[in-house]
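The values are calculated or read from the model by the stated rules, or taken from the named source; none is laboratory data. Computed from a prediction, not measured in an experiment: that's the story for all the values here. Positions of Cβ are backbone-derived with ideal geometry, glycine not excepted, and every protein chain shown enters the neighbour counts.
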Amino acid sequence: MKNFKQQVDQRRTFAIISHPDAGKTTMTEKLLYFGGAIRDAGTVKGKKTGKFATSDWMEIEKQRGISVTSSVMQFQYDDKHINILDTPGHEDFSEDTYRTLMAVDAAVMMVDSAKGIEPQTIKLFEVCRMRGIPIFTFMNKLDRQGLEPFELLENLEEVLGVEPYAMNWPIGMGKEFEGIIDRFNGRIEKARVEGEERFIPLDENGEPTTHDPMMDSSYFTQAMDTVELLDEAGNEFDEERIANGQLTPVFFGSALTNFGVQTFLETFLQFAPPPQPRALKEDGEISPYEEEFSGFIFKIQANMDPRHRDRIAFVRIVSGMFERGMTVNVPRLDKSIKLAQTTQFLADDRETVNTALPGDIIGLYDTGNFQIGDTVIGGKRKFEFAPLPQFTPELFVKVSAKNVMKSKQFHKGIMQLVQEGAIQYYKTLYTEEVMLGAVGQLQFEVFEHRMKNEYNVDVQMQPIGSKVTRWIENEEDVTDKMTGPRSMLVKDRYDQLVFLFENEFALRWFQDKHPDIRLYSLL
Ligand code: G4P
């Protein structure tokens, strides 16, 4: 039996971030397939086939054919115990997507090599960068003609400001894609193999140990020359800089044709960190090896089973061993709660979990006790983890109850959903009309759906579109005369003043006119 520390060290908890359609789902499927968690790569999300394997919990998911839930997938590979946290993209992009990144120790960034870095990837990358976690890049779809590999590396530097280290280099692309020169493992991996060996080792001078007809092509010579150039003049491989996210190892490959995925997985697992310590609200941190169980709630999913009005609080375990039936204290509530019902999340089912370790994610059935950001502790000690950041919303609606008689339930529902972190609450200055803010459109739809189903209130929402949101350091110097046709002033749920600008241009115009007003945005 392995000891506790060894078991913790075998855990790897990460998320895959990407812009929609870059290949996140395909990659996830391939990884689960290698881990033996699914039989056919193709069961995670059947967007077009209408299969819903990971989660069909919410009605809204079925209606729209998307996965709202950022589910957790677990599998074993070699001696590693892997947790992949799904970060929803597409229209289901929401604050949950960002918050999921608070619960991982590393991120894999999928880039469509025909498109380079796209907008949603930038936002997700910024959250990872803020946390200083390692980011591994997979340049996907090499089986298609894309941008030049050098252009893709430049793109990483220019758009994201992160230095790349090419772990491998492609030989040709699209129809001429022959494979990769795997710098890190010192071998060539061939894309087209019929019965023969897939790998050709390189000798100490970087030359292939056997000849292959593919080596007669100009693409091969070009790729070899480039690798030589990279060895001489490229960024150096530096584990420490990878660990803190300053240098990103870049892998070229194709998730769909399953090329380079296994090599990627194996290399990634070598460098992705085991569960990391977590900072406390006050000074200090909690090490994963501490005996006492602790964790924090990064997501609350309501109504997973429409027959029961249950909620599930997702806990990232920070330290100690979780055991079913244990009692935890929640410092915010100053209360002890027995955790009788817990679930762990697998590729296509929810399973009851009896024990879990740092790095793992467990779901706690909740009847309304927990809030996002809560700390749960197994013993008697009282401490709280550093709070999760609040994210700057970009979309706003005004909202009211269709039936004024329902205003009590309306306010109760809103307040509970706001506490849960499902949506952000704002109000207009004098008329105190309720406004909601979100980072993704789906948050409004989920809100509407849940108000109806859980609080029995039909709401009407009036979109006021996307805004550039800024808080104010020196609120006392602000007057409502400062607003104009392209800006408005509202209050957030803590009664802080917030400017909503029509666009970046309106923001700059304001700053020019009122240079003494110090504006800031959240993450
Ligand atoms: P996402 O989760 O990041 O949104 O992307 P997803 O994996 O769903 O992939 C988006 C599309 O890109 C899919 O095609 C998928 O088959 C394709 N794709 C993923 N990896 C590769 C690759 O390495 N090479 C090529 N050529 N295509 C790739 P689709 O037709 O839009 O959807 P589907 O019908 O396959 O679901």
Checked region 365-413 for anything of a type in the set (D, E, K, R), part of a strand (DSSP E or B) and either under 30 Å from I472 (Cα atoms) or in contact with a His (Cβ under 7 Å, 6 or more places away or on another chain) (or both); matches are K398
Residue satisfying condition, being modelled with pLDDT of 65 or more, within 15 Å of the ligand (Cβ to nearest atom), polar (S, T, N, Q) and in contact with a Lys or Arg (Cβ under 9 Å, 6 or more places away or on another chain), within set S67, S18, S71: S18
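Yes or no, residue by residue, for (1) farther than 23 Å from H81 by Cα; (2) in a helix (DSSP H, G or I):
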| residue | (1), (2) |
| --- | --- |
| N205 | yes, no |
| T210 | yes, no |
| T221 | yes, yes |
| G245 | no, no |
| F268 | no, yes |
For F510, indicate whether it is without any contact (Cβ under 8 Å) to a residue 40 or more places away in the chain and part of a strand (DSSP E or B). no
Looking only at region 274-312, filter to residues that are of a type in the set (S, T, N, Q) and farther than 23 Å from P134 by Cβ; which one of those is modelled with the highest pLDDT? S294
Whether any residue in region 438-453 is at pLDDT 90 or above, outside the structural domain of Q371 (by TED's automatic domain parsing) and over 30 Å from N369 (Cβ atoms) is what I want to check. no
Tell me which residues, restricted to region 469-495, are within 32 Å of the chain's Cα centre (by Cα), over 18 Å from Q443 (Cβ atoms) and not small (G, A, S). R470, W471, I472, E473, M488, L489, K491, Y494, D495
Scan region 181-214 residue by residue and report those that are surrounded by 13 or more Cβ atoms within 10 Å (Cβ to Cβ) and in contact with a Ser or Thr (Cβ under 8 Å, 6 or more places away or on another chain). D182, F184, N185, E189, A191, I200, P201, L202
Right, T26: within 13 Å of the ligand (Cβ to nearest atom), of a type in the set (V, I, T) and at pLDDT 50 or above or not? yes
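Condition check ((1) within 14 Å of the ligand (Cβ to nearest atom); (2) at pLDDT below 95; (3) out of contact with any helix residue (DSSP H, G or I) (no Cβ under 8 Å at 6 or more places or on another chain)) across all residues:
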residue: S94; (1), (2), (3): no, yes, no
residue: R99; (1), (2), (3): no, yes, yes
residue: D105; (1), (2), (3): no, no, yes
residue: S113; (1), (2), (3): yes, no, no
residue: L124; (1), (2), (3): yes, yes, no
residue: C128; (1), (2), (3): no, yes, no
residue: G132; (1), (2), (3): no, yes, yes
residue: N140; (1), (2), (3): yes, no, no
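Each row is one residue, and each column tells you yes or no for (1) within 16 Å of the ligand (Cβ to nearest atom); (2) crowded, with 17+ Cβ neighbours inside 10 Å; (3) not hydrophobic (A, V, I, L, M, F, W, C).
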residue	(1), (2), (3)
A223	no, yes, no
T226	no, yes, yes
D238	no, no, yes
G253	yes, yes, yes
T263	yes, yes, yes
A279	no, no, no
Of the listed residues (F268, F293, F259, F264), the one being of a type in the set (A, V, I, L, M, F, W, C) and closer than 26 Å to I312 by Cα is F293
Exception for V490 within (1) out of contact with any Phe, Trp or Tyr (no Cβ under 6 Å at 6 or more places or on another chain); (2) in a strand (DSSP E or B) falls at (1)
Can you tell me how many residues in region 223-243 are assigned to a helix (DSSP H, G or I) and touching a residue at least 24 places away in the same chain (Cβ under 8 Å)? 10
